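Here the structure is laid out as structure tokens; the discussion comes afterwards.
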Amino acid sequence: MRGRDGDPWLLALAGLDALIALLAVWGGVELAVGAAAFQLPVEWIAPLGLHSWLWPGIALIVVIGGSMAVAAVVSWNGTQRAAETSVAAGAILVAWLLFQYVLFGLQAPVQIITAILAAGVLAIGLGAAMRSDHG
């Protein structure tokens, strides 16, 4: 078993990071192709000079999907900085959500769900980091 020989903190991080990475890739693809369930008002991103959700979808895949995927692999492998990597990915996700909030406010339940998932990553990551510092 991976995750520093079955460390439940790192295994939980690996699972949560992987879940968020998969959801980010799925959401990013759906945004980029303009899927029916993901057709958001272009007015929300007009202040950025964008006229479609293609680039935000790609950014979601790369920034959130990518950072969470790296964190999932690092946590699964149980490397020395696994917890810190997940905390960094969680912080990137929080920054992403704050940017959304500043740009167009709270518009969809998925933003709240994502904030809860980000809080979970940060809490578990900080718990794992504290355990590795003391153990």
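Since every read-out is calculated from the coordinates, none of them should be taken as a lab result. Just so it is clear, the structure is predicted and the values come from calculations on it, not from any experiment. Every residue, glycine as well, gets a Cβ built from its backbone with ideal geometry; the counts of neighbours run over all protein chains shown.
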Relative contact order of region 3-134, defined on C-alpha pairs under 8 angstrom at six or more residues apart (%):
33
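Quick one: dipole size for region 3-134, taken about the Cα centre, charges +1 on Lys/Arg Cβ and -1 on Asp/Glu Cβ, in debye to the nearest 20. Could the numbers behind the result be given before it?
On the way: 3 positive and 7 negative charges, 9 e Å.
Roughly 40 debye for region 3-134.
Could you calculate the contour length gain from A119 to W55, that is, 0.36 nm times the residue separation minus the distance between their Cα atoms, to one decimal place in nm?
On the way: separation 64, 0.36 × 64 = 23.04 nm, distance 2.60 nm.
Gain in length upon complete extension: 20.4 nm.
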Which of G49, G90, G34 ends up with the largest GNM mean-square fluctuation for the chain, with Cα atoms connected below 10 Å?
G49
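Could you list L93, L106 in order of exposure, starting from the residue whose Cβ has the fewest other Cβ atoms within 10 Å? Can you show the working numbers first?
On the way: L93 25, L106 11.
Ranking L93, L106 by Cβ neighbours within 10 Å, fewest first, gives L106, L93.
Where in the chain are the helices, taken as whole DSSP H runs, whose Cα atoms extend 18 angstrom or more along the long axis and whose Kyte-Doolittle mean reaches at least 1.6?
Length and hydropathy pass: 8-33, 82-104.
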Out of every Cα pair in the chain, what percent are spaced more than 28 Å from each other?
22
Cut-off is 10 Å between beta-carbons; in what order do W96, W26 appear when sorted fewest neighbours first?
W26, W96
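Please report L126, L60, L48, L54 as a ranked list, fewest other C-beta atoms within 10 angstrom at the top and most at the bottom. Intermediate results must be reported in sequence, preceding the final value.
Details: L126 16, L60 23, L48 10, L54 13.
Going from least to most buried by this count: L48, L54, L126, L60.
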